[in-house]
Amino acid sequence: FTMAINAHGQLVWWGGDPLGAQQLAAKRTAAVADAADDDAPPAQQRTVATDQALHTLWIPRTGRVVQVSAGGRHGALLLDTGAVFTFGENAHGQLGTGDRLPVTSPRAVETLRAARLRCHEVAAGRLHTLAIDEEGLVLAWGCGRHGALGQRSLDDALAPVRVEHLGVAAGVKVSGRVVTLAASDHCLAVTESGAVYAWGLGHSGQLGCGDERSHRRPRRIEALKHVFVVGVSAGHAHSLVLTSSGDAFAFGRGTSGQLGRAGMGSSSLPVMVELSLGVQVAQVAAGGDHSLLLTTEGVVCTCGSGAFGVLGQGGTAPSETARPILIGFGLESAAAVSAGFLHSVLVTAVRQTFTFGSNASLQLGETMHAYSSIPRLVYGLLAAEPETRTRAVERPAARE
């Protein structure tokens, strides 16, 4: 499924939603009691029919949505008040509600609210969720498999727990800058000093530490110690990082060209993505087996597996592109990009949203095509002012 923020600071999502499209479509209008405060209007959720598809709209009771992140079958969102809300499947506690019950509408993570923690960023992994508070503390909850929660134990956590060895107390403060947290089955975090720490599943070298092992404890990626990292993105089995100088590095599985280097397969150490001389990158997005790079000129380049047209390069036959190739989507420049498992999203400078790739679960926001190999406009959506910290779609779900 796909999540976005509209111009009013409200959550919009569409496609194979976390609990089934029919269930949410039948819930035409609903009042959501997310707190016991009779003085404030309740949050509202309703299904909106557009010319292309059904979109579900969620209006928070107070504040505005400033960031969204989609996991395998759950979603996380951040309000400008610092509150974190989650919804969707919850078999591993990935909603942080203290139980394993699914939630059909966004609900506040009460543990964070009760502790008066204001968060600056959220990231939904495949079966877990991460958040950073205003003090640089990294919190995690959900599935502990492969060490994704950064704990000694591999057990699930039904409520937020502190990621060990990160935070002020450990002398490693994670930054609250744009997109400094990323999660899939592995996790990445950027510190105030521009260092990157990785933990979780590492079977394809996606932790960038020079091996193919999983790690429960966050480990610094030593190969990046000579650059200042400002952004990260965790794909299915590969990772992307962005430096302050506009360079992009990749590591992990590269068998489909998703690392952006011709003639190279997988790599357990960071390698620089090959781009034309002088091109600087402003944002990176790692998907299933593909990668998106947004340049400072507003151009989008893609590489990796072209299955279902996920690269947006046109054509109907599956293909693989090792060196990033720019794609066309009209006259406007792009301002933000994001990658799902088998589809991609970009937002333009004039706040139009385009999608491309697989549409098996209607994640492209329209019903006319089984997939699209070119970017197609999502009608009826005026996106929020694009920011690189706002992810229209994020963590890939299981392969469709």
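The values are calculated or read from the model by the stated rules, or taken from the named source; none is laboratory data. Fair warning: this is a prediction, and the values are worked out from it, not measured in the lab. When we count neighbours, we look across all protein chains shown, and the Cβ atoms used for this are built from the backbone with ideal geometry, even at glycine.
For the stretch 94-153, the set of residues classified as more than 23 Å from residue 193 (Cβ to Cβ) and of a type in the set (Lys, Arg) consists of 100, 107, 113, 116, 126, 145, 152, listed by residue number.
Only one entry in 315, 330 is part of a loop (DSSP other than H, G, I, E, B), small (Gly, Ala, Ser) and within 25 Å of residue 1 (Cβ to Cβ), namely 330. Consider only pairs whose beta carbons are under 6 Å apart and that are at least six residues apart or on different chains; among these, list those whose first residue lies in the stretch 5-27 and is over 16 Å from residue 343 (Cβ atoms) and of a type outside the set (S, T, N, Q) and whose second residue is part of a loop (DSSP other than H, G, I, E, B) and at pLDDT below 75. Partner pairs satisfying both residue conditions: 5/390; 24/17.
Okay, residues lined up against (1) charged (D, E, K, R); (2) in a strand (DSSP E or B); (3) touching a helix residue (DSSP H, G or I) at 6+ places or on another chain (Cβ under 6 Å):
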position: 55; (1), (2), (3): no, yes, no
position: 77; (1), (2), (3): no, yes, no
position: 90; (1), (2), (3): no, no, no
position: 93; (1), (2), (3): no, no, no
position: 104; (1), (2), (3): no, yes, no
position: 113; (1), (2), (3): yes, no, no
position: 121; (1), (2), (3): yes, yes, no
position: 131; (1), (2), (3): no, yes, no
position: 150; (1), (2), (3): no, no, no
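For the residues 275, 294, the requirement of being touching a strand residue (DSSP E or B) at 6+ places or on another chain (Cβ under 7 Å), part of a loop (DSSP other than H, G, I, E, B), within 30 Å of residue 192 (Cα to Cα) and of a type outside the set (Gly, Ala, Ser) singles out 275. Residues of the stretch 275-294 being surrounded by fewer than 24 Cβ atoms within 10 Å (Cβ to Cβ) and in contact with a Pro (Cβ under 8 Å, 6 or more places away or on another chain), which ones? 275, the sole residue that qualifies. Picking from residues in the stretch 248-274 that are closer than 18 Å to residue 326 by Cα and touching a Pro at 6+ places or on another chain (Cβ under 6 Å), the one that is surrounded by the fewest Cβ atoms within 10 Å (Cβ to Cβ) is 249. Kindly evaluate residue 336 against the criterion of being in a strand (DSSP E or B) and among the hydrophobic types (A, V, I, L, M, F, W, C). Considered against the rule, which asks whether it is in a strand (DSSP E or B) and among the hydrophobic types (A, V, I, L, M, F, W, C), residue 336 comes out as yes.
Only one residue in 235, 200, 278 is under 25 Å from residue 323 (Cα atoms) and either under 20 Å from the mean Cα position of the chain (by Cα) or touching a residue at least 60 places away in the same chain (Cβ under 8 Å) (or both), so which one is that? Every option except 235 fails the conditions.
Residues in the stretch 211-236 that are within 17 Å of residue 147 (Cβ to Cβ), of a type in the set (Gly, Ala, Ser) and surrounded by fewer than 24 Cβ atoms within 10 Å (Cβ to Cβ): 214 alone. Does at least one position in the stretch 303-313 carry a residue that is buried (at least 24 other Cβ atoms within 10 Å of the Cβ) and within 20 Å of residue 246 (Cβ to Cβ)? The answer is yes, given that some residue of the stretch 303-313 is buried (at least 24 other Cβ atoms within 10 Å of the Cβ) and within 20 Å of residue 246 (Cβ to Cβ). Each residue in the stretch 88-106 was checked for being closer than 13 Å to residue 140 by Cβ and polar (S, T, N, Q), and 1 pass.
Condition test on residue 241, is it β-branched (Val, Ile, Thr) and crowded, with 24+ Cβ neighbours inside 10 Å? Answer is yes for this residue.
Total residues in the stretch 278-291 satisfying the condition of being in a loop (DSSP other than H, G, I, E, B) and in contact with a Lys or Arg (Cβ under 9 Å, 6 or more places away or on another chain): the figure is 2. Within the stretch 251-267, is there a residue that is aromatic (Phe, Trp, Tyr), at pLDDT 95 or above, touching a Leu at 6+ places or on another chain (Cβ under 7 Å) and closer than 25 Å to residue 130 by Cα? Within the stretch 251-267, one or more residues are aromatic (Phe, Trp, Tyr), at pLDDT 95 or above, touching a Leu at 6+ places or on another chain (Cβ under 7 Å) and closer than 25 Å to residue 130 by Cα. Remark: residue 308 falls outside the filter, which requires a residue to be hydrophobic (A, V, I, L, M, F, W, C) and either part of a strand (DSSP E or B) or at pLDDT below 90 (or both). Per the listing 353, 367, the residue uniquely over 20 Å from the mean Cα position of the chain (by Cα) and not aliphatic (A, V, I, L, M) is 367.
Per the listing 123, 131, 70, 108, the residue uniquely free of Cβ contacts under 8 Å to residues at least 60 places away in the same chain and not aromatic (Phe, Trp, Tyr) is 131.
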